[in-house]
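In what follows, a structure is listed as structure tokens, so that the remarks can point back to it.
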Amino acid sequence: MHRSGNDFTYIHNLKKGKHAFKFIVDDEWRFAPDQPTVADIEGRINNFIDVSDFQQAYTGDDDFLNPHKEPVVQNEIFTQVRPELEEYTKEPPPLPPHLRHIILNKVPPVNDAAALSIPQHVALNHLYCTAIKDGMMVLGITQRYREKFVTCIYYSNI
């Protein structure tokens, strides 16, 4: 699990279907009362999630040559209110948990080290930077062009 502000997150790819789950809190199995629940054959209460109708965000069938028109918003108000000074001195928001799962940190799906899995669409066009180690900084970015994904990795001596 990863801490994200006051929350903990865990991302796991599930197969289509219904899945039961619980949480371990203070060494005790617990369920979340605000989530859907189901009882198992022994009467224990579990949370469940149904991903039977889940559709991937990118299927490869998108028409990139004919982009969809953006809807026009009527009566939208724009202002020139300048933010207060404390807005600039706040802590930055925590990193969203899905941006921690980049394809550079995953094992390839086949034995070919050059074959990477298809990245999540939210990870595209984000610049990733590693901590400087042994005087070396590593930057990486993944971009999409039509049905292809291109990952560029840059190494720099510091």
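Brief remarks on what is shown
- Estimated vicinal HN-Hα couplings, Hz - the range 129-146 in sequence order (Karplus 6.51, -1.76, 1.60; Gly, Pro = x): 10, 8, 5, 5, 10, 6, x, 10, 10, 10, 10, x, 8, 10, 10, 10, 10, 6
- Where labels lie 7 Å past Cα in the beta-carbon direction, separation of Thr89 and Asn111 in nm: 6.0
- Heavy-atom accessible area, probed at 1.4 angstrom with all protein chains present, ranks Thr142, Thr151 as Thr151, Thr142, highest first.
- Legend: calculated FRET efficiency, Val51 to Thr9, from the Cβ-Cβ distance at R0 = 22 Å, rounded to 0.05, equals 0.80.
- Asp7 exposes around 100 Å² of accessible area when a 1.4 Å probe is run over every protein chain in place.
- The range 40-46 - phi-based ³J(HN,Hα) in whole Hz, Karplus 6.51/-1.76/1.60, Gly and Pro as x: 7, 5, 9, x, 6, 8, 10
The values are calculated or read from the model by the stated rules, or taken from the named source; none is laboratory data. Bear in mind that the values here come from a model prediction, so they are computed numbers and not experimental data. Here Cβ is always computed from backbone atoms with ideal geometry, including for glycine, and neighbour counts include all displayed protein chains. Keep in mind that these areas ignore ligands, DNA and RNA; they rest on the heavy atoms of the full protein, side chains included. Shrake-Rupley method; radii C 1.70, N 1.55, O 1.52, S 1.80 Å.
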